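> What follows is a structure written as C-alpha cells; I'll ask about it next.
Bear in mind that the values in this text are calculations on the coordinates, not laboratory data. The model shown is predicted, which means the values in this text are computed figures rather than measured ones. All Cβ positions, even for glycine, are placed from backbone atoms using ideal geometry, and neighbour counts span all protein chains on display.
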C-alpha cells in the first residue's frame, strides 16, 4: 500500500461523520462506547474541540481532535487531544500528514506551539513525535481521580 494523491483532510461537523470516525477513535480510546463518545464529543464541541479526518480514496484513515488554548507556558497554542490512524493504515505516513496539517493550521492562525500528551506506555508514539516530528519532551502530566 502506498500513500494516495487522492487525500483530503476535513473537519468533521455532523453526527454522521462522528459516527464514521468512532471505530478509528475507539482504537485509541478503548473505554468509550459509541454512545459515550457521542455524548462527550457533543460537550467537547461546545468547549471548542474540533475533530479532523484524513481521507484517502474517500476512506477515513486517520483522525485528530484538537482545541485552541492559551496559557502562561504555551501561550496561544493548539492542543492535540487525540491522534489515531486506523490500524490497517499505520506506517504509511497518514498520521504525519494529518499532524502537518494541524501544524500549518496552527501556524497560519498565530499559534506559538502545538502541544500534546501521550500515555507513558506508548513508546512507539513517543519516538514518532520526538524523532520524526521533532517535538520536545519537556514535562510530565499528572492527574488525580476524584
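> Would you pick out the residues in segment 10-45 that are out of contact with any strand residue (DSSP E or B) (no Cβ under 7 Å at 6 or more places or on another chain), over 19 Å from residue 67 (Cα atoms) and touching a residue at least 24 places away in the same chain (Cβ under 8 Å)?
Passing the criteria: only 23.
> Now for a different question. Yes or no: residue 55 in contact (Cβ under 8 Å) with a residue 60 or more places away in the chain and either under 14 Å from residue 9 (Cα atoms) or touching a strand residue (DSSP E or B) at 6+ places or on another chain (Cβ under 7 Å) (or both)?
no
> Being buried (at least 17 other Cβ atoms within 10 Å of the Cβ) and either closer than 20 Å to residue 98 by Cα or out of contact with any helix residue (DSSP H, G or I) (no Cβ under 8 Å at 6 or more places or on another chain) (or both) is true for just one of 10, 51, 40, 6. Which residue is that?
None of the others qualify; the one that does is 51.
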